[in-house]
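The values are calculated or read from the model by the stated rules, or taken from the named source; none is laboratory data. Being a predicted model, the structure only gives us computed values, none of them experimental. All Cβ positions, even for glycine, are placed from backbone atoms using ideal geometry, and neighbour counts span all protein chains on display.
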Amino acid sequence: MINSQYKKIYLSTLLLGVIIGIVLILLLYWLNWPSIVQSYNNHEGSLGVVLVILSRIIIVSGMAFYTFYQWFKQEEQFFSDLPFLFGLFFLLLVFGKALDLFIDFIYKINEFALMMVKVRFLIMILDFLPMIYISIGMILFSLSLKDKNKALREEKHQDKIRIRIILVISLSEIIAIILVNSISIISILYPIVVIPSLVTIVWLFNFAHRNKRLAQVNTLILWIGFTAYLISQIVRPLAQFIIGESPIFVILAEALDLGIFIVIFIGFYKKSNYTV
């Protein structure tokens with residue numbers, strides 16, 4: 001728990017982290033500006049790619065600001081609070097999309113594209129962790145309903161197990177991505193990491209809705225939103241094969257994902273219509 005007297009300290013730390021992240025992203029663009037300009041000029045439709053990704057960055061930034069604002073409004077703050085976890089989810093997505101835009105322009109002409117793809121993959125892993133953290137907690141709760149798992153009803157015991165599982169999952173994925181030495185292998189790893197993570201998150205909100213849990217958010221809308229996101233990630237490789245790796249594909253995919261994340265944000269914004 002973060003005592004209310006530490007709110008300013010935590011806010012300052014959060015702002016410092018955001019500022020450092022922005023500076024690093026801007027530095028990355030500045031150091032590679034000639035390559036970016038070259039790629040921009042050589043690809044028709046580049047302006048559309050820039051506009052749709054910038055729109056997503058701006059809108060998701062607003063989502064992150066709102067969720068963290070809701071967290072700081074509380075009398076007491078816990079790192080397990082939904083506003084904090086959703087805030088991290090949206091904030092990491094903002095930096096992920098800024099890096100996506102960079103990678104789109106340097107992918108084929110810059111020698112350290114592989115390193116950037118690895119960094120983006122690591123951000124994606126961290127981005128899913130807040131939702132997976134909630135999911136593991138809900139799975140442990142469902143298991144605790146059985147008499148043979150009474151020990152799981154103790155919150156401290158649940159937290160220890162949840163942290164261990166999170167560490168195993170994240171460290172395994174991070175080690176795997178560090179050892180990979182080609183973008184093609186990363187493309188294979190992507191669905192292996194993303195699809196199980198999204199399936200777990202979809203299960204979470206479906207379970208929460210059926211059992212009237214997490215009343216502070218609208219679990220039905222979140223279930224719909226993350227289900228749509230899961231489907232989009234499954235269909236995306238097929239669509240990319242049909243349309244081709246082009247600005248048109250990027251624009252359509254980003255626009256679709258933006259719509260899905262607006263639905264997810266609405267699910268966070270609205271409360272469930274049941275009481276607990």
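Can you tell me which residues in region 207-229 are assigned to a helix (DSSP H, G or I), of a type outside the set (S, T, Y) and surrounded by 17 or more Cβ atoms within 10 Å (Cβ to Cβ)?
Step one: list which residues in region 207-229 are assigned to a helix (DSSP H, G or I), which gives 207-210, 219-229.
The next check asks that each one be of a type outside the set (S, T, Y); those that pass are 207-210, 220-226, 228.
Listed by number, the residues that qualify are F207, A208, H209, L220, I221, L222, W223, I224, G225, F226, A228.
Given the criterion of a type in the set (S, T, Y) and either exposed (fewer than 14 other Cβ atoms within 10 Å of the Cβ) or assigned to a loop (DSSP other than H, G, I, E, B) (or both), identify the matching residue among S232, S187. Result of the check over S232, S187: S187. Being at pLDDT below 90 and of a type outside the set (F, W, Y) holds for only one residue in I123, I109, and it is I109. When V193, V117 are checked against the criterion of being crowded, with 17+ Cβ neighbours inside 10 Å, touching a residue at least 12 places away in the same chain (Cβ under 8 Å) and farther than 19 Å from F226 by Cβ, V117 stands alone in meeting it. Within region 29-49, the set of residues being within 24 Å of L252 (Cβ to Cβ) and buried (at least 17 other Cβ atoms within 10 Å of the Cβ) comprises I36, S39, S46, V49.
Scan region 80-114 for residues that are within 17 Å of F268 (Cβ to Cβ) and surrounded by fewer than 17 Cβ atoms within 10 Å (Cβ to Cβ) and the total you get is 1.
So which of L204, L214 ends up being among the aliphatic types (A, V, I, L, M), within 18 Å of G267 (Cα to Cα) and under 19 Å from the mean Cα position of the chain (by Cα)?
Numbers: L214 fails: under 19 Å from the mean Cα position of the chain (by Cα).
Unique residue meeting the criteria: L204.
I need a count of the residues in region 1-46 that are without any contact (Cβ under 8 Å) to a residue 12 or more places away in the chain, farther than 22 Å from M116 by Cα and either touching a helix residue (DSSP H, G or I) at 6+ places or on another chain (Cβ under 9 Å) or among the small types (G, A, S) (or both). Don't jump to the end; show me each part of the working.
Of region 1-46, the ones without any contact (Cβ under 8 Å) to a residue 12 or more places away in the chain are 5-6, 8-9, 12-13, 15-17, 19-20, 22-24, 26-27, 30-31, 33-34, 37, 41-42.
Subsequent filtering for residues that are farther than 22 Å from M116 by Cα retains 5-6, 8-9, 12-13, 15-16.
In the following step, the residues that additionally are either touching a helix residue (DSSP H, G or I) at 6+ places or on another chain (Cβ under 9 Å) or among the small types (G, A, S) (or both) were identified as 12.
Final tally of qualifying residues: 1.
Every residue in region 236-250 that is touching a residue at least 60 places away in the same chain (Cβ under 8 Å) and buried (at least 17 other Cβ atoms within 10 Å of the Cβ), please. Before you say what the answer is, go through the steps one by one.
Taking region 236-250 and keeping what is touching a residue at least 60 places away in the same chain (Cβ under 8 Å), we get 246-248, 250.
Scanning region 236-250 gives P247, V250.
In region 41-48 there is no residue that is under 23 Å from the mean Cα position of the chain (by Cα) and over 20 Å from I260 (Cβ atoms). Every listed requirement among (1) without any contact (Cβ under 8 Å) to a residue 60 or more places away in the chain; (2) more than 15 Å from I201 (Cα to Cα); (3) within 11 Å of the chain's Cα centre (by Cα) is met by F95 save one, (1).
Scanning region 230-261 for residues that are modelled with pLDDT of 95 or more and either in contact with a Gly (Cβ under 7 Å, 6 or more places away or on another chain) or among the hydroxyl-bearing types (S, T, Y) (or both) yields a single hit, I260.
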